[in-house]
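So the structure is just underneath, and the comments pick up after that.
Read the figures in this text as sums done on the coordinates, not as results from a lab. The model shown is predicted, which means the values in this text are computed figures rather than measured ones. Cβ: placed from backbone, ideal geometry, glycine included. Neighbour counts: every protein chain shown.
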Amino acid sequence: MMRTHYCGQLNETLADQEVTLCGWVHRRRDHGGVIFLDIRDREGLAQVVFDPDREETFALADRVRSEYVVKVRGKVRPRPAGAVNPNMASGAIEVLGYELEVLNQAETPPFPLDEYSDVGEETRLRFRFIDLRRPEMAAKLKLRSRITSSIRRYLDDNGFLDVETPILTRATPEGARDYLVPSRTHPGSFFALPQSPQLFKQLLMVAGFDRYYQIAKCFRDEDLRADRQPEFTQIDIETSFLEEQDIMGLTEGMIRGLFKEVLDVDLADFPHMTFEEAMRRYGSDKPDLRNPLELVDVADQLTEVDFKVFSGPASDPKGRVAALRVPGGASLARKQIDDYTRYVGIYGAKGLAYIKVNERAKGVEGLQSPIVKFIPEDNLNVILDRVGAVDGDIVFFGADKAKIVSEALGALRIKLGHDMDLLTCEWAPLWVVDFPMFEENDDGSLSALHHPFTAPKCSPDELKANPQGALSRAYDMVLNGTELGGGSIRIHRKDMQQAVFDILGISAEEQQEKFGFLLDALKYGAPPHGGLAFGLDRLVMLMIGASSIREVIAFPKTQSAADVMTQAPGAVDAKALRELNIRLREQPKVE
Ligand code: ASP
């Protein structure tokens, strides 16, 4: 081994000892006849001093430049009083350099690593191998490694087996587009990269493995949002003979242990909330419970009013009219309210009605609002009492199709919580349960809300009689408004699986063609089973407080799903295409 210690591990206890360090020249300073090199490795920095006594070494130290790779032998000594650097792990000591060897030279890096400021992300990604040298980036990946190691330990201790599942496979329907890989040996046929290991982990339960986990790469060809990547990592879990309470308990223990171990945070027991309650009170199936604002339904007070914007949705069974009280919001300026109106427009809301409560004791006179004139005073009072309005508040209203109102006011709630600094605590985890089995598409057809292998809470006959009313045995773990993980008890009987496929409009032939292997497995002794998957990248992001998912992935893709460093995806040559039986369509010429 070349080195005796990592730079960041040097401290006072090593005083007077000789050490050998290997690393990169982070910074070089010339101080009146003495040369200081800060040497960096993955554990941190160490200051090495070269004085002119050792002529040759000194001359070499004078010639090295930023990012040269060097090996240094020297003696640890306390820094002179006044030169101690409390911001540096090894800041109480320095190394007096005896020998210096340049292991490799470096050109001037494309951006400086010490005074790192406004380097564009494109440049950082193109030179990711340099970007990752920055101590703050290294710290993120090290934390990610501690997180996976804690999780593995917990799952190993609880009897889970780590089993790998294929990457070249058939489509698993998780609701996204597949990445396809052409087969050379089966001309015209394609593999799909897994959107998740869902069916394989279920088959492992049928095979009797009882408890499985995998830190698994998943691939989904979706339009990218800020917190999405085309390939991402799941902590994938499946168990047999456990009920949803057991699975939630086990995985909650895993997350609580993780937060204690890595962040020294004690999370309280996670409350359970039904999907219905989450949508009603927070307009979201992943409510951020740090935020005290709540939606309150008021349609019953508005069915008769002479104001179509309210009375229409209030009388429509698929409509919703809800109010959102914001304490202290009466001070919002016209311009701010206009901005919030535009903001809810993103979610399809056609406007944002409001009432400012200046002085309730004065009745209608004490309210400031473009809409109070349409609402009888009795109804107005019921509404204001119901939301708990007091002087100084503003009450916003949403009235439209239920989906639009929930999404728009749900998003407004989050935005106001941040803008007005309303969050009440640092971490607010919960479980959301009792999801509907299906959601209705615009054309009236049904899709599985989780995925089609999720068990309903009823019999196949009840399910067929009223699919829209059926609840599933699914559960999501939510933290601070982010879905950390989700899963379900699965269907383990063939007739139930076929009933769900039927409701989804999958014909008998298609069921056989796409899922024949699953239907086979279900008829050869499938145990009751269930599990879930956590999004590792998002978990790490939350624990680190990173603003972008790309900050916690070593080599992420850009927003357009490309890798600017390796230039992937790239063209392939004609021969490779011929072997794959693929002919490219002519690309439209760009003029
Ligand atoms: N396969 C599911 C997903 O990727 C998770 C699960 O049901 O276990 O969302």
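For MET437, nonlocal amide neighbours, meaning residues 5 or more places apart or on other chains whose placed amide H falls under 5 Å from its own, are ALA470, LEU471, SER472.
Couplings 3J(HN,Hα) for segment 154-164, derived from phi with the Karplus relation 6.51 cos²θ - 1.76 cosθ + 1.60 (θ = phi - 60°), are 4, 5, 4, 5, 9, x, 7, 9, 8, 10, 8 Hz, where x marks Gly and Pro. Measuring r between the beta carbons of GLU359 and THR558 and using R0 = 35 Å, the FRET efficiency lands at 0.05. Its residue count N sets the reference 2.2 N^0.38 Å, and the alpha-carbon radius of gyration of the chain equals 1.21 times that reference. Taken one residue at a time, the phi angles of segment 63-68 give Karplus couplings (6.51, -1.76, 1.60, θ = phi - 60°) of 8, 6, 10, 3, 6, 4 Hz. Gly and Pro are set to x. Residue-wise HN-Hα couplings along segment 557-568, as the Karplus relation 6.51 cos²θ - 1.76 cosθ + 1.60 with θ = phi - 60° gives them from phi, are 8, 6, 4, 9, 6, 10, 10, 6, 7, 7, 6, 8 Hz; Gly and Pro carry x. Approximating the spin labels as points 7 Å out from Cα along Cα→Cβ, the LYS260-to-LYS75 distance works out to 4.7 nm. The mean sequence distance of close C-alpha pairs (under 8 Å, at least 6 residues apart), as a share of the length of segment 180-335, puts its relative contact order at 11 percent.
If you restrict to DSSP beta bridges whose two residues both lie in the chain, what percentage is antiparallel, to the nearest 5? Of those bridges, close to 95 percent are antiparallel.
Pairs spanning more than 28 Å between alpha-carbon atoms, out of LYS308/LYS457; LYS415/LYS457; LYS403/LYS557; LYS286/LYS557: LYS308/LYS457; LYS415/LYS457; LYS403/LYS557. Pairing the Cα long axis of helix 334-345 with the longest principal axis of the chain, what angle in degrees results, from 0 to 90 and rounded to the nearest 10? Roughly 80 degrees between the two axes. Taking 0.36 nm per residue of separation and subtracting the current Cα-Cα distance, fully stretching the chain between GLU510 and ASN11 would add 173.0 nm.
Other residues lying with their Cβ under 15 Å from the Cβ of LEU584 contribute a combined charge of +2, Lys and Arg counting +1, Asp and Glu -1. Relative contact order, whole percent, for segment 18-174 stands at 19, derived from Cα pairs under 8 Å and 6 or more residues apart. Residues whose amide H comes within less than 5 Å of that of PHE191, counting only those at least five positions distant or on another chain, are VAL181, SER183 (H built at 1.01 Å from N in the peptide plane).
The angle between the Cα long axis of helix 244-263 and the longest principal axis of the Cα atoms of the chain comes to about 30 degrees, rounded to the nearest 10.
Subtracting the Cα-Cα distance of TYR343 and ASP269 from their residue separation scaled by 0.36 nm leaves 23.2 nm.
Ranked for footprinting exposure by Cβ neighbours inside 10 Å, fewest first, LEU302, LEU103 give LEU103, LEU302. Rounded if a/c is under 1.5, else prolate if a/b is larger than b/c, else oblate: which is segment 6-47, with a ≥ b ≥ c the root eigenvalues of its Cα gyration tensor? Oblate, because a/c is 1.5 or more while a/b does not exceed b/c.
Amide H to amide H distances under 5 Å link MET273 with TRP431, VAL432, VAL433, where only residues 5 or more positions off or on other chains count and H is placed in the peptide plane. The relative contact order of the chain comes to 13 percent, based on Cα pairs under 8 Å that sit 6 or more residues apart. Helical content of the chain, expressed as a calculated mean residue ellipticity at 222 nm, amounts to -9000 deg cm²/dmol (DSSP H runs of 4 or more residues, -39,500 (n - 2.57) each, divided by residue number, nearest 500). The listed peptides 67-78, 167-178, ordered by packing as a protection proxy, come out as 67-78, 167-178 (highest mean of other Cβ atoms within 10 Å first). The modelled label-to-label distance for the pair LYS335/ARG27, using points 7 Å beyond Cα in the direction of Cβ, is 4.1 nm.
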